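Have a look at the structure below before the remarks.
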C-alpha cells in the first residue's frame, strides 16, 4: 500500500484555475476582435499575432533569465498581448507593437514579480509609452470598412466632435452617429470601436463571475453624469473612444484594481472623473488610458480604506506607527 | 441582516439513506488517552488488568478534559505512547477483547438532583462535541454567563458526512428529549434546532415533532458552506454576533452538536458512557460507503475493509470532512470520539502554487469577511501589525479560501501559520 499523503485541509478544491480565468477573458475579447477584423481589415490578424507572440516570447525569456517557474501556460501573457493589440491602431508598424509588448511584459509585469504583482496595467502602460514615443503612428487612424485604408488618415470620433463644420467639410469626414459608434463603424484603436462587441464580452465575463460590474458601471456612469452636467453629449462621450474597452477589460483587471466591491466602485468613479477632466479641460481628446493608469497608482490607498468589515471584529487598535 | 458569505459545495451525501450498521467488536482496540480538546488523561489501568464495557480507563485532574472509557471487555495488553492526528502525544491503552462484552458495574444511570450534579454526570459520561471539534461538553454546558438560547447544531455542512443526519433520522426522540433535558437542567428558555436546507426530511420530521412546543424552533439554514461553523450558525439562527475574544456564552448562547445531545440523553437513562460512535465511511476508494457504529479504539483499517475499500489504492485518508478534516498518516490509527467520518481518497494531484492574481475570490467567500489574499501578503513579509489589523486570529480554518483559489494558494493554512506570529497576551 502507498504511503498516505498528509496535507493541511481543505482536501478538496474547485475547478477554476488561473488559466480558466484567462481563457474566459480571451473568449470575452473575441467579439470585439472579430469586429476589428470586420471594420479594419485583415491586418488586424498579423498585428494581434505579433503582440501575442512577442508577449509570450518576452514572458518566457524573462522567467528563464530570472530562474523562475515558467508561467506561459497560465495564458496571462496571451491576454496581455491581446489587450495590447486592442489598444493599437491597425496601421501601427509591427516593430512598434513589439516594443509595446516589451514594455507591457518585461517592464510593467515581470520586473515587479510577474502575474498579480504589477501595480500598473501592462497594456495601458504600453499604450501610453507608445503614444508618447510615437505620437504620429499611434494616432494614424483609418476609416472603417476599408475606405482607402492606407491613404486617408482619419480622426477619432472625439476629435471630430470638437471640430467646426467648416473643418469637417475640409477633411471630408462627418461626426459618426450613435449607431455607428455603438456598432463600431468609426475610427480608433482595434478593440475600442465597437461598444456592442465590448459590452457582449463584458457581460459574458460578469455572467461567468470572472469580473464584477461595479467598476465598469461606476466608470461609465460617472463619465455619463459629469458630461451631462457639463453640457456635453453624454451618450457620445461614453460610446466614443476607449471607454468600453477600458471599463470592461482594464478597470476590471485583478492585479491593478481594488479587491472589494466598495473599492471597485471608488476606482470606477475615479476613472470616470479623470477621463472627464482630461476630455473636458485638457487639450487631449482621449483620457481613458491615463485615468486608469492614475487610478492604478491609487489602488493600494483605496484598498487600505475599503477593507471588508470582519464579523465580530473589535475596532482596530490605534496603530502607533 | 447582512447575509454571510459562503460557498456552494457538492454535497456528496452518498450515505444519507444508509442506516447505521453496527461494526462487530474487533479483536483488539487501541484507545488514546487524548481524544478531546484539553489535557490528556492518565491511564487508570495497567497491563494485565481485566476491563469491562463502560469502565473508566483514563482520567485527569485537569478541569478542561473528559475521562476515557473502554467500549469492550477484555484484557489490557499494552500501554504505549501515541501521537494523535493533532500531533499531541499521549498514552494509549491497548485492549484484547474477550468477546463477552460484559458490562461494568460502573454503568448505571447517574443520580441528578441539581445543576451541579448534572454537570458532574456530563463530565463522567466522557462527552465531547461529536461534530469533530471535541470540546468537552461539561465545560460548554457550565458557562459563567446567563444563557437564554440553546442552539443545536445539525448543519452537518461538510460534504460526504451523514453521521448526524442518521442520528436525526434514527433517534429523533432522543434528540427532542435531550433538548428538553438540557433546557430543564440548565434553565434555558429557548432552543433552536438548526438544520441545513439540504436535509428536508429531517426538517420536516422535526418541524412536526416540535409543532406543539413553542420553546423549540426548527431553523432551516441556507445550503452554503460553512453553516455548521459556530459563529455562522449563531448568526444565522439568532442574528447575534460573537465578538472578537468572546465565547458564544457571552452572547447568551450555547451551541451543541445534535449527536452529542442525543448521546447525553441516552447516557442519563442508561449510564453507558461515550464508548461507541457513528461515523460515515466514504470516499472514492471505498466500495460500499456506509454509516458505521464502531467501538472507540477500532482501527481505521478494519472499518475500511468492512466497507470494501481498495486499501492499496488509498492515497489520502481523511478523518472528518474534506474541508476541515485531518489527513491522517497511518491507516491503523484508531477511531476516536471526534471521528465523524473517514474518507479514503484514491487520487492526489499536487498542483503547483502560483502567484496570487488578486481575483478576490477568497475575500468574497470568507464567511467572516476576512481578506485572505491580504493576509497571505502580510504573512510573507511577516508584518505582524498588519496581520493584527486584518484580524487573522478570527479565522476558523473553514478552508473556503483555499478551496476557491485559482492559483492554488494554501490560504487557510497560511492563516493558521500567521496566527502563530501574533503574540498572545
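If you go through segment B:175-200 and keep only what is surrounded by fewer than 19 Cβ atoms within 10 Å (Cβ to Cβ), in contact (Cβ under 8 Å) with a residue 40 or more places away in the chain and in a helix (DSSP H, G or I), you end up with B:177, B:181, B:186. Of all the criteria given as (1) touching a residue at least 24 places away in the same chain (Cβ under 8 Å); (2) part of a helix (DSSP H, G or I); (3) more than 14 Å from chain B (Cβ to nearest Cβ), the one not satisfied by residue A:286 is (2). In segment B:310-321, the condition of being over 17 Å from the mean Cα position of the chain (by Cα), free of Cβ contacts under 8 Å to residues at least 60 places away in the same chain, more than 11 Å from every other protein chain (Cβ to nearest Cβ) and over 23 Å from residue B:31 (Cα atoms) is met by no residue.
When the residues of segment A:115-137 are filtered to those that are buried (at least 17 other Cβ atoms within 10 Å of the Cβ) and closer than 17 Å to residue A:54 by Cβ, the one that is nearest to the other protein chains (Cβ to nearest Cβ) is A:122. Taking (1) in contact (Cβ under 8 Å) with a residue 60 or more places away in the chain; (2) facing chain A (nearest Cβ under 8 Å); (3) out of contact with any helix residue (DSSP H, G or I) (no Cβ under 9 Å at 6 or more places or on another chain) in turn, residue B:302 satisfies each apart from (2). Is it fair to say residue A:3 is within 10 Å of chain B (Cβ to nearest Cβ), more than 25 Å from residue B:405 (Cβ to Cβ) and surrounded by fewer than 22 Cβ atoms within 10 Å (Cβ to Cβ)? Yes: the conditions hold for residue A:3. Put simply, of B:223, B:237, B:259 the only residue that is assigned to a loop (DSSP other than H, G, I, E, B) and closer than 22 Å to residue B:159 by Cα is B:223. Would you mind finding the one in A:51, A:62, A:55 that is in a helix (DSSP H, G or I), surrounded by fewer than 22 Cβ atoms within 10 Å (Cβ to Cβ) and touching a helix residue (DSSP H, G or I) at 6+ places or on another chain (Cβ under 7 Å)? None of the others qualify; the one that does is A:62. Just a yes or no: is a residue in segment A:297-306 within 14 Å of chain B (Cβ to nearest Cβ), without any contact (Cβ under 8 Å) to a residue 60 or more places away in the chain and assigned to a loop (DSSP other than H, G, I, E, B)? For segment A:297-306, residues within 14 Å of chain B (Cβ to nearest Cβ), without any contact (Cβ under 8 Å) to a residue 60 or more places away in the chain and assigned to a loop (DSSP other than H, G, I, E, B): present.
A count restricted to segment A:1-26 and to residues that are out of contact with any helix residue (DSSP H, G or I) (no Cβ under 7 Å at 6 or more places or on another chain) and in a helix (DSSP H, G or I) stands at 3. Among the residues of segment B:400-416, those identified as touching a strand residue (DSSP E or B) at 6+ places or on another chain (Cβ under 9 Å) and either within 7 Å of another protein chain (Cβ to nearest Cβ) or surrounded by fewer than 24 Cβ atoms within 10 Å (Cβ to Cβ) (or both) are B:403, B:404.
Could you check, for segment B:265-275, whether at least one of its residues is surrounded by 24 or more Cβ atoms within 10 Å (Cβ to Cβ) and under 30 Å from residue B:148 (Cα atoms)? Taking every residue of segment B:265-275 in turn, at least one turns out to be surrounded by 24 or more Cβ atoms within 10 Å (Cβ to Cβ) and under 30 Å from residue B:148 (Cα atoms). Do we find a residue being within 18 Å of the chain's Cα centre (by Cα) and buried (at least 17 other Cβ atoms within 10 Å of the Cβ) anywhere in segment B:70-84? Yes - at least one qualifying residue is present in segment B:70-84. Of the numbered criteria (1) within 14 Å of another protein chain (Cβ to nearest Cβ); (2) assigned to a helix (DSSP H, G or I); (3) surrounded by fewer than 21 Cβ atoms within 10 Å (Cβ to Cβ), the one residue A:109 fails is (3). Taking into account only those residues within segment B:213-240 that are within 13 Å of another protein chain (Cβ to nearest Cβ) and either under 14 Å from residue B:258 (Cα atoms) or touching a strand residue (DSSP E or B) at 6+ places or on another chain (Cβ under 6 Å) (or both), which is surrounded by the fewest Cβ atoms within 10 Å (Cβ to Cβ)? So, considering only residues that are within 13 Å of another protein chain (Cβ to nearest Cβ) and either under 14 Å from residue B:258 (Cα atoms) or touching a strand residue (DSSP E or B) at 6+ places or on another chain (Cβ under 6 Å) (or both), the one surrounded by the fewest Cβ atoms within 10 Å (Cβ to Cβ) is B:230. Here residue B:203 clears all of (1) closer than 30 Å to residue A:12 by Cα; (2) free of Cβ contacts under 8 Å to residues at least 60 places away in the same chain; (3) in a loop (DSSP other than H, G, I, E, B) except the condition numbered (3).
For every residue, the table says whether it meets (1) within 24 Å of residue A:135 (Cα to Cα); (2) at pLDDT 95 or above; (3) not in a loop (DSSP other than H, G, I, E, B).
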site	(1), (2), (3)
A:247	yes, yes, yes
A:253	no, yes, no
A:263	no, yes, yes
A:309	no, no, no
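Listed by first and then second residue, the pairs with beta-carbon distance under 7 Å, at least 6 apart or on different chains, first residue in segment B:352-372 and more than 7 Å from every other protein chain (Cβ to nearest Cβ) and touching a residue at least 60 places away in the same chain (Cβ under 8 Å), second in a loop (DSSP other than H, G, I, E, B) and surrounded by 24 or more Cβ atoms within 10 Å (Cβ to Cβ), are B:367/B:226; B:367/B:229; B:367/B:398. Counting only residues that are in contact (Cβ under 8 Å) with a residue 12 or more places away in the chain and either at positive phi or surrounded by 21 or more Cβ atoms within 10 Å (Cβ to Cβ) (or both), segment A:11-21 holds 2 of them. With respect to (1) more than 17 Å from the chain's Cα centre (by Cα); (2) touching a residue at least 40 places away in the same chain (Cβ under 8 Å); (3) within 14 Å of chain B (Cβ to nearest Cβ); (4) surrounded by fewer than 18 Cβ atoms within 10 Å (Cβ to Cβ), the lone exception for residue A:8 is condition (2). Going through (1) surrounded by fewer than 21 Cβ atoms within 10 Å (Cβ to Cβ); (2) away from every other protein chain (no Cβ under 14 Å); (3) in a loop (DSSP other than H, G, I, E, B) one by one, residue A:70 falls short only on (2). Here segment B:387-399 is the region considered, the condition is being over 13 Å from residue A:9 (Cα atoms) and surrounded by fewer than 24 Cβ atoms within 10 Å (Cβ to Cβ), and the residue that is nearest to the chain's Cα centre (by Cα) is B:395. Listed by position, the helices (runs of 4 or more DSSP H) inside segment A:118-206 whose residues that are out of contact with any helix residue (DSSP H, G or I) (no Cβ under 9 Å at 6 or more places or on another chain) and modelled with pLDDT of 85 or more number at least 2 are A:135-138. Scanning for something closer than 19 Å to residue A:197 by Cα, in a loop (DSSP other than H, G, I, E, B) and touching a residue at least 60 places away in the same chain (Cβ under 8 Å), does segment A:90-102 turn up at least one residue? Yes: one or more hits. With the condition kept exactly as written, say whether any residue in segment B:98-119 is touching a residue at least 60 places away in the same chain (Cβ under 8 Å), closer than 28 Å to residue B:192 by Cβ and crowded, with 21+ Cβ neighbours inside 10 Å. Within segment B:98-119 (the criterion being touching a residue at least 60 places away in the same chain (Cβ under 8 Å), closer than 28 Å to residue B:192 by Cβ and crowded, with 21+ Cβ neighbours inside 10 Å), the answer is yes, since at least one residue qualifies.
The values are calculated or read from the model by the stated rules, or taken from the named source; none is laboratory data. In this text the structure is predicted, and so the values were computed from the model without any measurement. Positions of Cβ are backbone-derived with ideal geometry, glycine not excepted, and every protein chain shown enters the neighbour counts.
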